Amino acid sequence: MTLPILQHPDPILRETCAPVTVFDEALQNLAEDMLHTMYDAPGRGLAAPQVGHAIRLFVMDTTWKEEDPTPQAFVNPQIIMASPETEVGEEGCLSLYGQTCQVRRPVEVTLRYQDLWGETHMDVFDGFAARCVQHERDHLDGILCIDYMDGAAA
Ligand code: ZN
């Protein structure tokens, strides 16, 4: 099922999302709907608050536009390490229709997260995937990429 994507300045996009504590079918169904919604948009990442659920969950697939799909869901994600090296890159957001942001971010991050069944994992991301992970994780704290731009209205 494709879900409506909330647009800035919807207040749900500014909420600090609650940790996920129940790993049930409702969570798995939501993640599946979020992936459908992301592919349909089309985008490479989507966070739960963008579809009206203020919980710590995002989905991502950074390869499907060019190669085979690699759908992934991240629950209660935490960036536990970030490279000192940073770079500026362009980001789009499905909640900021038609807008792009230039954002400086670490080029490599280590993410600790749970999967949809509650198992804990740790993965290292670099390049575009690292940028996407950081952008989506920001959504869970109510942060949008426009917040990094000078003179942007919050
Ligand atoms: Zn976004």
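So if we plug the beta-carbon distance of His121 and Ala41 into 1/(1 + (r/R0)^6) with R0 = 30 Å, what FRET efficiency do we get, rounded to 0.05?
My answer for the efficiency is 0.70.
Would you mind getting the accessible area per residue of the stretch 11-151, heavy atoms of the protein chains only, 1.4 Å probe, in Å²?
It amounts to 49 Å² per residue over the stretch 11-151.
In 10 Å bins starting at zero, report the fraction of Cα pairs in the stretch 1-149 per bin as a rounded %.
Histogram of Cα-Cα distances, whole percents per bin: 12, 44, 38, 6, 0.
More than 21 angstrom separation, counting every C-alpha pair in the stretch 83-154; what % is that?
Everything past 21 Å amounts to 30 percent.
Can you work out the Karplus-derived ³J(HN,Hα) for every residue in the stretch 15-30? Use 6.51 cos²θ - 1.76 cosθ + 1.60 with θ = phi - 60°, whole Hz, and x for glycine or proline.
7, 7, 6, 7, x, 7, 10, 10, 9, 10, 5, 4, 5, 5, 5, 4
Quick check: the distance between the Cα centres of the stretch 88-154 and the stretch 1-52, to the nearest angstrom?
Centre-to-centre (Cα) distance: 14 Å.
At a 4.7 angstrom Cβ threshold, list every cysteine in the chain that has nobody to pair with, or say none.
Cys17, Cys93, Cys132
Which whole-number percent gives the relative contact order of the stretch 1-112, counting Cα pairs below 8 Å spaced six or more residues apart?
24 percent
Of all accessible surface on the stretch 11-151 at a 1.4 Å probe, what whole percent is carbon and sulfur?
Solvent-exposed carbon and sulfur of the stretch 11-151 make up 50 percent of the total.
Helix-only mean residue ellipticity at 222 nm, the chain, DSSP H runs n ≥ 4 weighted -39,500 (n - 2.57), per residue, nearest 500. What is it?
Working: 2 runs with 29 residues, N = 154.
After summing the helix terms and dividing by residue count, I get -6000 deg cm²/dmol.
The values are calculated or read from the model by the stated rules, or taken from the named source; none is laboratory data. None of these values were measured; they are calculated from a predicted model. Here Cβ is always computed from backbone atoms with ideal geometry, including for glycine, and neighbour counts include all displayed protein chains. Ligands, DNA and RNA are stripped out before the accessible areas are found, and what is left, the full protein with its side chains, is counted by its heavy atoms. Shrake-Rupley method; radii C 1.70, N 1.55, O 1.52, S 1.80 Å.
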